[in-house]
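Peer 1: Structure incoming, see below.
Any read-out appearing in this document is the output of simple, stated calculations on the displayed coordinates, not a laboratory observation. Small disclaimer: the values here were computed from a predicted structure and weren't measured. We place every Cβ from the backbone using ideal geometry, glycine too, and count neighbours over all the protein chains shown.
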Amino acid sequence: MRGQDVVLDGVEITYPNGFRAVERTDLTIAAGEFFSILGPSGCGKTTLLRAVSGFVTPSSGRVLIGGADQAGKGPNARPTALIFQNLALFPLMSVRDNVAFGLEARGVARRERHARAEELLALVALADQADKKPTELSGGQRQRVAIARALAVEPAVLLLDEPLSALDLKLRSHMRAELRAIQKQTGVTFIYITHDQGEALTMSDRVAVMNKGRIEQVGTGDAIYSAPETAFAATFVGEVNRIAGRVVAVEPEYARVETPLGVFRARNPRGLAVGAVAWLFVRPEAMQIGLDENAIPATLQRRDLEGPFVALHFSAGTEAGMGQALSLHRTNMGGIEVIGTEMRLGFRAADALVLPEGALAETGQELAAQ
Amino acid sequence: MTSDRLLTAFTWTFLAFMFAPLALMIVASFNDVSPPSVTDWRGFTFKWYEFFWMDEARLRADPVLRTLDRERFYGCMGNSVQVAAVVVPLALVLGLAGAVMLTRWQSRANGLLWWVLLSPMLAPGVILGLSALVFWNRLGVDAGLFTIMMAQVTFVAGYPMLMLMARLQRQPPELEEAALDLGAGPFRVFRRITLPYLAPALASAAVICALASVENYNTTMFAKGGACTFATEIGAMARNANGHPPVINAVGTIIILVTVAFALAGALTRKREARV
């Protein structure tokens, strides 16, 4: 098996009812890459995946796999295999026949395809379950059957549509590692769709953050987490404090933002000019108690013990009930803060970002509402 | 409390209304008197059943049975079997095609198509029989078994269509998509995924089609010309001036037993399938 690259060249997808599911998208996914598309439900990520697999025809633009234009090719003629969200294992066939189905469709003789199916079942540690029906297996086992079935056709690109969403937390983190290992072992290009930032960040070589049919940012998980380029990427991936404001001064790479809590200095990667309406973003782990830089007086409202770290929730600003919510994560090395204490918070300018105003993640992890 | 009791009373009245005539018919089929009666009890007998296989001498000896034409009755039953043998597979194929089209082919014409395909089920059987007769006569085909088959298929095909549609709508579309994605062509997807999934529904639809075909009277009556079927022959026997022979009660009892047996088999199959 060898992965192939996938190129989306000006792909646009509009449904017959006029709904624009995917805005014009240019994207290159390298051969053998583990690439995730991360976005909230309804952002168009599944539609994009179905355009690669051939179930959806782009209204304009081209899909190229290994350099070959896929226009006019149905799902059964593309070098891709799709793992469905509900897995779509064939309930009336044995596990072996499920895995061998793709080979059966290619006219491989029974003995040969069964041998191949058993090899793949051994790869996913299910060699002894070949005669069972899918319904007799556990969730994690079914998951592995779906993977084996997809790998049996030796796809150049494996497409995964939130395949872990039905599993419980523990199994999910186990399957993450397993998927990553299988990807490394086979060298197949993986395109992984998820709304779970944890999955995207832990498994992927690169992540695309998608919102409302548009890919907002493509980069490594680290780049997206520490240097988000849009307000949406900043709020959808990870927790973040945000303060609304206006740029009042710019210096090389940095800007000063005036907010109801005072004027703060932060990185200005998008080069906002004076007068621009902006959001100031600071990750909770970048907030520090007692730091003089970008200082904010705040009152402790709630303390959540998360185990390895403590999440402290503050209210800043003077007017009662209009307080700006801020949160801070500190490593748990002991110590108990008292609710209601006034503290002085701060953050380093290098750890904060000024980004242009824009759509925020709606369900996201922003800490405004308490 | 009173409403509960009212409902119970209603239910029992309704059941009695439905099943009392059947019970009377069954009891009368064992009474040695013709025309059939349950009040005028002349002794228990199996002869109304034995009519179908008793030897010629005994048949001649019985004053009621000897007036009946057993050979003709057999012939008509044979005709019914022939008709069903054509109608059932034809109705299944047509119903399957209609069901697949209406569930998988998303078109704005679907609503219209649904009514067109089901209208024969709603149309009076007399009209179906007559129109088949007229249509095929124009084409130079005389009324007979063939016109019966054609007339029956028009409405019998609706049953499998409805049953298969219900089943197809419950099948997750991802199963067919997955098969397609794994490289199978549309025909293989249908044969390996859709058809096995439909198998239980096809089996029960076949039984229902067979029963509908054999028991059909009105459509068959108008399309039959000089031919006869099981149902039309029973009808002819029932119109006997001296009251109908209890043989008809015996036949009715057997039909009830067969129907209940199929219903039980169906229920058991569904139960087993639900467990898997």
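Peer 1: Count the lysine pairs in the protein assembly as shown that are 8 or more places apart or on different chains: how many have C-alpha atoms under 26 angstrom apart?
Peer 2: Lysine pairs satisfying the spacing and distance rule in the protein assembly as shown number 9.
Peer 1: Additional query: Could you line up B:I26, A:I296 from fewest to most neighbouring Cβ atoms inside 10 Å? Each step should come with its number before you reach the end.
Peer 2: Numbers: B:I26 16, A:I296 23.
In order of increasing Cβ crowding within 10 Å: B:I26, A:I296.
Peer 1: Name the long-range amide H neighbours of B:V141: under 5 Å, sequence gap of 5 or more, or other chain; modelled H, no Pro or chain starts.
Peer 2: none
Peer 1: Check which residues have an amide H placed less than 5 Å from A:N211's amide H, if you skip close sequence neighbours.
Peer 2: A:E216
Peer 1: If you restrict to DSSP beta bridges whose two residues both lie in the protein assembly as shown, what percentage is antiparallel, to the nearest 5? Walk me through the numbers on the way to the answer.
Peer 2: Values: 62 of 81 bridges.
If we restrict to bridges inside the protein assembly as shown, about 75 percent are antiparallel.
Peer 1: Output wanted: per-residue J couplings in Hz (rounded whole) for the stretch B:211-218, from phi through Karplus 6.51 cos²θ - 1.76 cosθ + 1.60, θ = phi - 60°, x for Gly and Pro.
Peer 2: Along the stretch B:211-218, the couplings run 4, 4, 5, 5, 8, 5, 10, 5 Hz.
Peer 1: Order these by the 10 Å Cβ neighbour count, fewest first: B:V153, B:V27.
Peer 2: Numbers: B:V153 24, B:V27 15.
By the 10 Å Cβ count, ascending, the order reads B:V27, B:V153.
Peer 1: Now for a separate question. Enumerate the calculated ³J(HN,Hα) couplings along the stretch B:130-140 in order (Karplus 6.51 cos²θ - 1.76 cosθ + 1.60, θ = phi - 60°), each rounded to whole Hz, writing x wherever the residue is Gly or Pro.
Peer 2: 5, 5, 5, 4, 5, 4, 6, 4, 4, 7, x
Peer 1: Please state the relative contact order of chain A as a whole percent: Cα pairs under 8 Å, 6+ residues apart? Provide the component values of the computation, followed by the final result.
Peer 2: Details: 835 pairs, mean separation 59.7, N = 370.
Rounded, it is 16 percent for chain A.
Peer 1: For A:Y15 and A:A31 in the same chain, what is the full-extension length gain: residue separation times 0.36 nm, less their Cα-Cα distance, in nm? Walk me through the numbers on the way to the answer.
Peer 2: Numbers: separation 16, 0.36 × 16 = 5.76 nm, distance 2.95 nm.
Residue separation times 0.36 nm, minus the Cα-Cα distance, leaves 2.8 nm.
Peer 1: In whole Å, how far is the Cα centre of the stretch B:171-198 from that of the stretch A:53-120?
Peer 2: Computed from Cα coordinates, the inter-centre distance equals 11 Å.
Peer 1: Okay, next question. Would you please give the residues with an amide H less than 5 Å from that of A:I37, counting only those at least 5 places away or on a separate chain, with H modeled from the backbone geometry?
Peer 2: Correct list: A:Y192, A:I193, A:T194, A:A208.
Peer 1: Report the label-to-label distance for B:N218 and A:A71 in nanometres (one decimal), using points 7 Å from each Cα along the Cα→Cβ vector.
Peer 2: 5.8 nm
Peer 1: Need the C-alpha centroid separation for the stretch B:6-39 versus the stretch B:211-260, integer Å.
Peer 2: For the stretch B:6-39 versus the stretch B:211-260, the Cα centre distance is 20 Å.
Peer 1: Turning to a different aspect of this structure: Taking the Cβ of each residue in B:D40, A:D351 as the centre, tally the other Cβ atoms inside 10 Å and list the residues starting with the fewest. Provide the component values of the computation, followed by the final result.
Peer 2: Details: B:D40 10, A:D351 18.
Going from sparsest to densest Cβ surroundings: B:D40, A:D351.
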